[in-house]
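Just so you know, all these numbers are worked out from the coordinates, no wet-lab data involved. Predicted model only: the values in this text are computed from it and were never measured. Cβ atoms come from the backbone with ideal geometry, glycine included; neighbour counts cover every protein chain shown.
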Amino acid sequence: RIIMFSEVPAMLNFLFVKEFAIEADSLAKVTDAGAKDVLKRSLKELEPISNWTHSEIEAVLRASLIDEMGLKPRIAFGAVRIATTGSTVSPPLFESMELLGKEASLARIAAALTL
C-alpha cells in the first residue's frame, strides 16, 4: 500500500515504462515450474475476454486458478502480479491489469513464460 505520496511514481511506474522488466528480486517467482503453470493457464483464460475490466479479469482468474486448480490466492495471483507489474508489490492486481490494458497484460505474461 502507498503510505506517502512520494511512493506513487515508483508504484505506478509499470504503467508508463517503454522497456518493461521484472525486478531482479522477483524474477525467481515467475520462473519456477509452478509459476509457469499459473502463467500458462492465466494466458489461456484471459485471451478470450472481450470486456477487459477488473471485475471480469478477477472472475476469470479466480474461477480458473482458485476454484479449478485449487491454488491459494497468494500463489495463484503472485506470478501474474509479477509478470504484469514487475514486482511483488503493486496496486491491486486486477485494477492494474485493467489500466495496463489487455494487449500489454497478455504480452507481459507471455514474455514472462520465456524467462
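Could you give the dipole magnitude of the stretch 1-54 about its Cα centre, charging the beta-carbon of Lys and Arg +1 and that of Asp and Glu -1, in debye to the nearest 20? Don't skip to the end; give the middle numbers.
Values: 7 positive and 8 negative charges, 30 e Å.
In debye, rounded to 20, the stretch 1-54 gives about 140.
What is the Cα centroid distance between the stretch 1-23 and the stretch 58-77, reported in whole angstrom?
What the calculation gives is 25 Å, centre to centre.
Given charges of +1 on the Cβ of Lys and Arg and -1 on the Cβ of Asp and Glu, with all other atoms neutral, how large is the dipole of the stretch 22-113 about its Cα centre, in debye to the nearest 20?
Details: 11 positive and 13 negative charges, 46 e Å.
For the stretch 22-113, the charge dipole is close to 220 debye.
Positive end of the charge dipole of the chain (Lys, Arg +1 and Asp, Glu -1 on Cβ, about the Cα centre): tell me which of L15, A28, M4 has its Cα farthest that way.
Farthest towards the positive pole: A28.
Quote the relative contact order of the chain in percent (integer), defining contacts as alpha-carbon pairs under 8 Å separated by 6+ residues. List each step's numbers first, then the result.
Numbers: 112 pairs, mean separation 43.4, N = 115.
Once divided by the residue count of the chain, the mean separation gives 38 percent.
Between F20, F94, F77, which gets the highest mean-square fluctuation from a Gaussian network model of the chain, Cα cutoff 10 Å?
F20
Can you spot the aspartates and glutamates whose alpha carbon is less than 16 Å from K36's alpha carbon? Ignore those fewer than 8 places along the same chain.
E45
Just one of (1) 89; (2) 111; (3) 102 is volume of the Cα convex hull per residue in Å³ calculated from these coordinates, so which is it?
So the calculated entry is the one marked (3).
Which residue, P91, P73, P48, tops the fluctuation ranking in a GNM of the chain built on C-alpha contacts under 10 Å?
In this elastic network of the chain, the residue with the biggest mean-square fluctuation among P91, P73, P48 is P48.
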